[in-house]
Amino acid sequence: MNIESRLAQIGSQSDPQTGAVSFPIYQSTAFRHPKLGQSTGFDYARTKSPTRSVLEAAAADLENGDAGFACSSGMAALTTIFALFGHGDHLIVSLDLYGGTYRLLERILSRYGITASYVDTNDLDELEACCTGATKAVLIETPTNPLMMITDLAKVADWAKRKGLITIVDNTLLTPFLQRPIELGADIVIHSATKYLAGHNDVLAGLIVTKGQELSEQMAILHNSLGAVLGPQDSWLLMRGLKTLALRMERHQSNSLRIAQWLKEHPAVEEVYHPGLPHHPGYDVQQRQASGNTGIFSFRMKDARTVEPILRHLELIAFAESLGGVESLLTYPAVQTHADIPEEIRRKVGVDDRLLRFSVGIEHVDDLIADLGAAIEAALQEVKGA
Ligand SMILES: *Cc1c(COP(=O)(O)O)cnc(C)c1O
């Protein structure tokens, strides 16, 4: 069945007792046992909980994996995955990485003796050069955020397989509607479901999907042991959001491409980073491995002095930190999402004081262009007058 139909039907046929089309929220943490040695399949809600189980099965199905795990946030999902590793282990991760993942690796996991190298994961020579006997996994974001760098997933997963490494893909920006890393050879997919999957800037959640029995069993133990699981109310909200994922992603991507094309021609803008623009270095790989583009892109202003007034003059678009919701948000990565990344690394990847990231919502595209256009005009007037 097509993914649009599977999304819309999440949980709709999972409650045969009542026929509830919207799967119920099971708030219970304890489950009665019929007798000694028997269980309904549910014992204690941290281990397994009915509403969360329906969501987890849907996640595994959508990503074409074997098991799904719902966590209390994207960071909780990453923490659970990183618990696969131990003292002395080394990871290779995308250079232009989500700031929170960088902080988790550098501030927390380093204390447990887990180290990471930050490389351009699309460069096999670089991957080869930093791979040692201690390397256990490669963690890829594609596209990266905010610079939208694309990694050829099949190529890297194939390399990792030959090296005996686990391939982990953070698929937050594209969602399984547009890209399914497991089909391209990845072993684990992680999502900040807070973003597109939930989609409404109102629920914090993370998802893990694993491929293969051994990895799925290991992850079940870690998920239950660390306990950073998603509650029943948020599991339900996330399923509700997922039902409209296909429609939302179609609008997010058409809006974002239109605005990126418009900004590309704007005289105050130096560069636009959008993998759907043919001049983007990752354009061909992106066309091949994904069925569309995310609603996120970044652009660099020519003059750093315009940034502050642009953010102040926006009326429809919110100046806020996050992405993937129906409401449009503009983020200033250097001071918000990427503040924890040292300036030298930030500079190296191009997250400077002229870069803005746009999470394009599902509003009418003409209204978004009018709002951003007016804010840029007002900023240019202020800078000229100063
Ligand atoms: C937001 C985000 C995370 C962290 O997820 P939370 O739900 O905020 O904990 C991880 N990876 C990416 C790519 C993200 O955008």
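The values are calculated or read from the model by the stated rules, or taken from the named source; none is laboratory data. From a predicted model like this one, the values you see are computed outputs, not experimental measurements. All Cβ positions, even for glycine, are placed from backbone atoms using ideal geometry, and neighbour counts span all protein chains on display. Surface areas here come from the heavy atoms of the whole protein model, side chains and all, with no ligands, DNA or RNA. Shrake-Rupley method; radii C 1.70, N 1.55, O 1.52, S 1.80 Å.
Applying a threshold of 19 Å to the alpha-carbon distances of 264/302; 195/243; 48/243 flags 48/243 as lying beyond it.
Under a 5 Å amide H cut-off, with hydrogens placed 1.01 Å from N, residue 148 pairs with nothing among residues at least 5 apart or on other chains.
Sequence-ordered 3J(HN,Hα) estimates for segment 374-384 from the Karplus curve with 6.51, -1.76 and 1.60 and θ = phi - 60° stand at 5, 5, 5, 4, 4, 5, 5, 5, 4, 5, 5 Hz, glycine and proline given as x.
Beta bridges from DSSP with both residues in the chain: antiparallel share about 55 percent, rounded to the nearest 5. Across segment 1-115, the relative contact order, built from alpha-carbon pairs under 8 Å that are at least six residues apart, equals 16 percent.
Quick check for me: using +1 on Lys/Arg Cβ and -1 on Asp/Glu Cβ, what's the dipole size of the chain about its Cα centre, in debye to the nearest 20?
Numbers: 34 positive and 46 negative charges, 186 e Å.
Computed about the Cα centre, the dipole is about 900 debye.
For residue 135, the residues whose amide H sits under 5 Å from its own are 90, ignoring neighbours fewer than 5 places away on the same chain, with H placed 1.01 Å from N. According to the square roots a ≥ b ≥ c of the eigenvalues of the Cα gyration tensor, what is the shape class of segment 334-386, taking rounded for a/c under 1.5, prolate for a/b larger than b/c otherwise, and oblate for the remainder? In terms of gyration-tensor shape, oblate. For the chain, the solvent-accessible area with a 1.4 angstrom probe is 42 square angstrom per residue. Apply the a/c threshold of 1.5 to the C-alpha gyration tensor of segment 3-242 and tell me whether it is rounded, prolate or oblate. Cα axes put segment 3-242 in the prolate bin.
For the chain, the residue among 68, 350, 49 whose Cα projects farthest onto the positive side of the dipole built from Cβ charges is 49. Put the Cα centre of segment 108-150 next to the Cα centre of segment 1-73 and the gap is 34 Å. Among 61-71, 44-54, 349-359, the peptide with the highest mean count of other Cβ atoms within 10 Å heads the list, and the full ranking is 61-71, 349-359, 44-54.
Packing around the peptides 151-161, 213-223, 301-311, taken as the average count of other Cβ atoms within 10 Å per residue, puts them in this order, highest first: 151-161, 301-311, 213-223.
Give the carbon-plus-sulfur fraction of the accessible surface of the chain in %, rounded to a whole number; probe 1.4 Å, heavy atoms of protein chains only.
Values: 8480 of 16380 Å².
Here carbon and sulfur together make up 52 percent of the probe-accessible area.
How high is the relative contact order of the chain? Use alpha-carbon pairs under 8 Å, at least six apart in sequence, and give a whole percent. It rounds to 17 percent for the chain.
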